[in-house]
Amino acid sequence: MPTLTFLGHDAFLLEDEQVRLIFDPFLKGNPAATLKPEQVKVDYVLLTHGHGDHFGDGLQIAKANDATIIAPYELATACGKRGAKTHGMHIGGAFHFPFGRVKLTIAHHGSGADLGGDTLAYMGNPCGFLVTLGEKTVYHAGDTGLFLDMQLIGEMNPITVALLPIGDNFTMGVDDAVKACEFIKPQWTVPMHYNTFDVIAADPHSFKTKAEAIGHRVKVMSVGEAFTF
């Protein structure tokens, strides 16, 4: 059975008997994170977009583990030029890896990487990920606002666990994330992308109460907590 471990912000480890994946490994500089990049052991690094609080330590972790970065094409290309193994994809595309299937979804956000000074590098479209391990599918929505096509994601993919941002300002807030649960209809929802910084302060228990009131199961995870499903 797969296990998710929450690492803070949008970062999660996903593992089963065959593989270890990490999503958006923002660890260094993350006030909520307790795991250090050099402690991470993974086979794949999945990056939703190029912002520093998501790209994070992805390149360092990938190179240290000889792991493959899976990301939107432009972001994957930039990582490849910096010495990482990569597999570039684009929105709507799916690929069957040795461990299972990965499909990229849309995410309404940005993806520029701040390289310092006046330089903001284009890193392609942001994305979400559908990752299927055996009979279980995890939907990591990435940074996104609410969008109606979430209904299609839920109709076409039986989602076991949805990881949804609730911090507002840059992404969905609590009420929009509750509506996303209605669209996606996952078996479980885990809130993310909140309280790391003051500007994304949000109450995950308010989200839990509102979502459960309309029949959805919510798991609020502490940093370091594991959830087997």
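Whenever a residue of the range 93-118 is over 18 Å from Thr171 (Cα atoms), its partners that are of a type in the set (D, E, K, R) and outside any strand (DSSP E or B), lying with C-beta atoms within less than 8 angstrom and at least six residues away or across chains, give the pairs Phe99/Asp16; Phe99/Asp43.
Listed here are the residues, each with its yes/no results for (1) out of contact with any helix residue (DSSP H, G or I) (no Cβ under 7 Å at 6 or more places or on another chain); (2) surrounded by fewer than 14 Cβ atoms within 10 Å (Cβ to Cβ); (3) polar (S, T, N, Q); (4) at pLDDT below 95.
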residue: Ala141; (1), (2), (3), (4): yes, no, no, no
residue: Thr144; (1), (2), (3), (4): yes, no, yes, no
residue: Gly154; (1), (2), (3), (4): no, no, no, no
residue: Asn157; (1), (2), (3), (4): yes, no, yes, no
residue: Phe170; (1), (2), (3), (4): no, no, no, no
residue: Phe183; (1), (2), (3), (4): no, no, no, no
residue: Pro186; (1), (2), (3), (4): yes, no, no, no
residue: Tyr194; (1), (2), (3), (4): no, no, no, no
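Filter the range 111-133 down to the residues that are outside any strand (DSSP E or B) and modelled with pLDDT of 95 or more and list them by number. The answer is Asn125, Pro126. Kindly provide the set of residues from the range 45-71 that are of a type outside the set (Asp, Glu) and more than 13 Å from the chain's Cα centre (by Cα), ordered by number. Gly52, Leu59, Gln60, Ile61, Ala62, Lys63, Ala64, Asn65, Ala67, Thr68, Ile69 - these are the residues of the range 45-71 that are of a type outside the set (Asp, Glu) and more than 13 Å from the chain's Cα centre (by Cα). Here Thr160 meets the list (1) over 25 Å from Gln18 (Cβ atoms); (2) in contact (Cβ under 8 Å) with a residue 40 or more places away in the chain almost entirely, failing just condition (1).
The values are calculated or read from the model by the stated rules, or taken from the named source; none is laboratory data. None of these values were measured; they are calculated from a predicted model. Positions of Cβ are backbone-derived with ideal geometry, glycine not excepted, and every protein chain shown enters the neighbour counts.
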